[in-house]
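To start, the structure under review is shown below, and the notes come after it.
The values are calculated or read from the model by the stated rules, or taken from the named source; none is laboratory data. Quantities reported herein were computed from a predicted structural model and do not represent experimental measurements. Virtual Cβ from ideal backbone geometry, glycine too; neighbours counted across all protein chains shown.
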Amino acid sequence: MRFTSEQRLDDGVLEREFTLGEIPGTLWTPRSTPAPLILMAHNNGLPKAEPRLAARARYTAARGYAVAAIDAAGCGGRPRSAAGERARADLRRAMRAGEPVDEIFESFIAPLVHDAVPEWRTTLDALLELPGIGGPVGYSGWTALGIRLSVVEPRVAAAGFFAGGYVPRAQRAEARQVTIPLLFLLQWDDEGNPRQRALELFDAFGSVEKTLHANLGGHTGTPSFELEDGCRFFDRHLK
C-alpha cells in the first residue's frame with residue numbers, strides 16, 4: 001500500500017489517498033487511534049467522487065472510526081472495459097424505453113461483485129497492518145457486495161446495507177448465510193429499487209439481530225439522521 005496524498009481536515013480527520021497495486025482508494029482516520037475499521041463501498045467507486053458520500057465517510061471517521069473505500073473495477077478512475085460500457089449503454093437505453101432491465105443488471109452487476117470481493121479482502125489485509133487500525137471490522141454501503149463479503153470474510157463483524165440498486169441472484173440466494181448484526185436502510189420511494197424486492201431481501205437475511213429503517217423519498221434522499229443512527233449501530237458492535 002502506497003499513500004499518494006494526505007490532508008488534515010477541519011474536523012481533525014486525516015484523509016489519505018492510496019494505491020494498492022492497481023487499486024486506488026482513500027483512507028480516513030480519526031485524530032485518536034487505535035480505531036476500529038469500517039469498509040465503505042459504493043458500486044460507482046470512491047465516496048470521494050460524490051460530496052454526499054464523502055461526507056458520510058468523514059462523519060464516520062470523526063466519530064472515532066478508520067474508514068476505507070476503494071474503486072470497483074471499471075468505476076471511478078479505473079479503466080472501463082468495452083463489455084462494461086456496452087452494458088451501461090444497454091441499461092440506459094432499456095430504462096429510457098421502459099423495458100425490463102433485470103437481465104442487463106445481472107450481466108453487469110454480478111461480475112462487478114465477483115471482481116470486487118478479492119480486491120476488498122486484499123485491501124483489508126493491508127489496512128489491518130497499518131498502525132492505529134484494528135478490528136473488529138464493519139462494512140457499510142453497497143448491498144450486493146456487502147452480502148458476498150459478509151459470507152466469505154469472517155473479519156466483518158457487523159454491516160449496514162443501503163437497499164439501492166440491483167442485487168444479483170447469487171447474492172439473493174446467499175442472503176440467508178448473512179448472520180452478523182445488520183442495519184438495512186430502505187428509501188420507500190427509491191426509483192431504482194423495487195420496494196417489495198428489498199423487503200423480501202431483508203426477510204431472507206439469516207441474522208438474529210437485523211433492523212430495517214425505512215424512510216420516505218428517492219434513492220439519494222436518505223435522511224441525515226441515519227448517519228447518527230448508523231454510528232450508534234457500529235458503536236454497539238465494534239467498540
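Tabulated data
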read-out: Candidate set from segment 119-142 (those that are modelled with pLDDT of 95 or more and out of contact with any strand residue (DSSP E or B) (no Cβ under 6 Å at 6 or more places or on another chain)); member that is nearest to P168 (Cα to Cα); value: W120
read-out: Segment 203-227 - residue that is surrounded by 12 or more Cβ atoms within 10 Å (Cβ to Cβ) and among the acidic types (D, E) and, of those, modelled with the lowest pLDDT; value: E226
read-out: Yes/no for G135 being over 23 Å from T222 (Cβ atoms), part of a strand (DSSP E or B) and not β-branched (V, I, T); value: yes
read-out: Selection count, segment 56-87, where residues are under 18 Å from W142 (Cα atoms) and free of Cβ contacts under 8 Å to residues at least 40 places away in the same chain; value: 3
read-out: Scope segment 43-88; condition within 17 Å of E226 (Cβ to Cβ), at pLDDT 80 or above and not small (G, A, S); matching residues; value: R56, R58, Y59, T60, R63, Y65, V67
read-out: Residue in segment 143-151 that is surrounded by fewer than 20 Cβ atoms within 10 Å (Cβ to Cβ), in contact with a strand residue (DSSP E or B) (Cβ under 9 Å, 6 or more places away or on another chain) and closer than 21 Å to F234 by Cα present; value: no
read-out: Meets criteria (over 17 Å from the mean Cα position of the chain (by Cα) and under 20 Å from V101 (Cα atoms)) for Q177; value: no
read-out: Residues of segment 158-202 satisfying the condition of being assigned to a loop (DSSP other than H, G, I, E, B) and at pLDDT 95 or above; value: V178, T179, I180, P181
read-out: Residues being hydrophobic (A, V, I, L, M, F, W, C), in a loop (DSSP other than H, G, I, E, B) and either without any contact (Cβ under 8 Å) to a residue 24 or more places away in the chain or within 26 Å of Y65 (Cα to Cα) (or both) - total across segment 206-239; value: 1
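For (1) closer than 21 Å to D229 by Cα; (2) of a type in the set (A, V, I, L, M), each residue gets a yes or a no:
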residue: E129; (1), (2): no, no
residue: V137; (1), (2): yes, yes
residue: S140; (1), (2): yes, no
residue: R155; (1), (2): no, no
residue: A159; (1), (2): yes, yes
residue: Q171; (1), (2): no, no
residue: D189; (1), (2): yes, no
residue: R195; (1), (2): no, no
